[in-house]
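Written out below as structure tokens is the structure these notes cover.
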Amino acid sequence: MADRSAWVPGSLLAIGCMLLFGVDRQHEMPLAAPLDSLPATLSRIAGTAVPVDQAEQQVAGMSSYVMRQYDDSVAPFTVYVAYYSHQTQGKTIHSPKNCLPGSGWDALQQSVVSVQTPAGPRRVNRYLLQNGEQRALVFYWYQGRGRVASGEYQVKWDLLRDAALRGRTEEALVRVLVWLTPTTDLERADARARSVTAELIPEVDRVLPAW
């Protein structure tokens with residue numbers, strides 16, 4: 001039987017060629033509607049816009065974004081959607097999984113959960129985080145090119161394939177962050193995050209370019 005490891009260099013080379021070919025011909029895709037047209041009210045709670053510092057925008061490299069704060073009596077939360085009209089080397093979505101430890105956050109729990117949406121169940125990342133005395137519950141996912149995805153490796157593979165085959169790499173990073181206090185009921189906070197996620201996914205689909 002042939003040594004499968006012999007296929008690895010060739011596979012890596014093929015993937016690299018796919019990426020280079022895709023980057024050369026990829027298209028910058030404008031949104032179908034502005035991100036600020038996303039509903040300001042989620043789970044019957046009105047949100048207010050929160051600006052992202054210019055330096056942070058440059059580091060993140062997104063084409064556009066919307067961030068809103070929701071003063072919920074159960075637990076206040078924020079919604080952040082960052083859109084990348086195309087991704088190239090040095091200008092790609094920064095995974096929260098990699099960024100959070102560098103910001104001082106430790107993961108107490110991490111899992112992938114299924115959230116029911118009008119279009120069916122969608123899988124998203126769920127993290128329970130702590131930074132000193134502060135805790136937060138975070139749901140995040142990647143959305144674009146006809147998909148809602150949670151897995152980092154699958155997202156990268158889809159990016160390479162779509163760049164090569166269709167010349168498209170546009171994508172959004174979507175994050176729902178619920179702030180927790182020592183008295184916050186975690187089950188209610190989790191229910192709030194799920195409710196907001198279920199409402200948000202089809203709305204993000206609405207503003208993204210058609211696939």
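The values are calculated or read from the model by the stated rules, or taken from the named source; none is laboratory data. Predicted, not measured: the structure shown is a model, and the values here were computed from it. Methodologically, a virtual Cβ is constructed for each residue, glycine included, from the backbone with ideal geometry; neighbour enumeration extends over all protein chains shown. Side chains are part of the model used for accessible areas, which takes the heavy atoms of the whole protein and leaves out ligands, DNA and RNA. Shrake-Rupley method; radii C 1.70, N 1.55, O 1.52, S 1.80 Å.
Here segment 143-157 is the region considered, the condition is being under 30 Å from Gly104 (Cα atoms) and open to solvent by less than 10 Å² (accessible area, probe 1.4 Å), and the residue that is farthest from the chain's Cα centre (by Cα) is Gly144.
One residue stands out in segment 72-107 among those that are out of contact with any Phe, Trp or Tyr (no Cβ under 8 Å at 6 or more places or on another chain) and modelled with pLDDT of 95 or more: the one that is farthest from Lys156 (Cα to Cα), namely Ser85. Those strands (runs of 3 or more DSSP E) of segment 100-211 in which at least 1 residues are closer than 18 Å to Tyr84 by Cα, considering only elements entirely within it, cover 134-144, 147-149, 171-180. Here Trp141 meets each of (1) within 15 Å of Leu177 (Cα to Cα); (2) without any contact (Cβ under 8 Å) to a residue 12 or more places away in the chain with one exception, condition (2).
On the given criteria, is Leu160 in contact (Cβ under 8 Å) with a residue 24 or more places away in the chain and open to solvent by 20 Å² or more (accessible area, probe 1.4 Å)? Yes, satisfied.
Just the residues that are β-branched (Val, Ile, Thr) and open to solvent by 40 Å² or more (accessible area, probe 1.4 Å), please, taken from segment 48-78. Matches in segment 48-78: Thr48, Val50, Val59. Across segment 79-114, the qualifying residues are those that are among the hydrophobic types (A, V, I, L, M, F, W, C) and out of contact with any strand residue (DSSP E or B) (no Cβ under 6 Å at 6 or more places or on another chain), and the one among them that is least open to solvent (accessible area, probe 1.4 Å) is Leu100.
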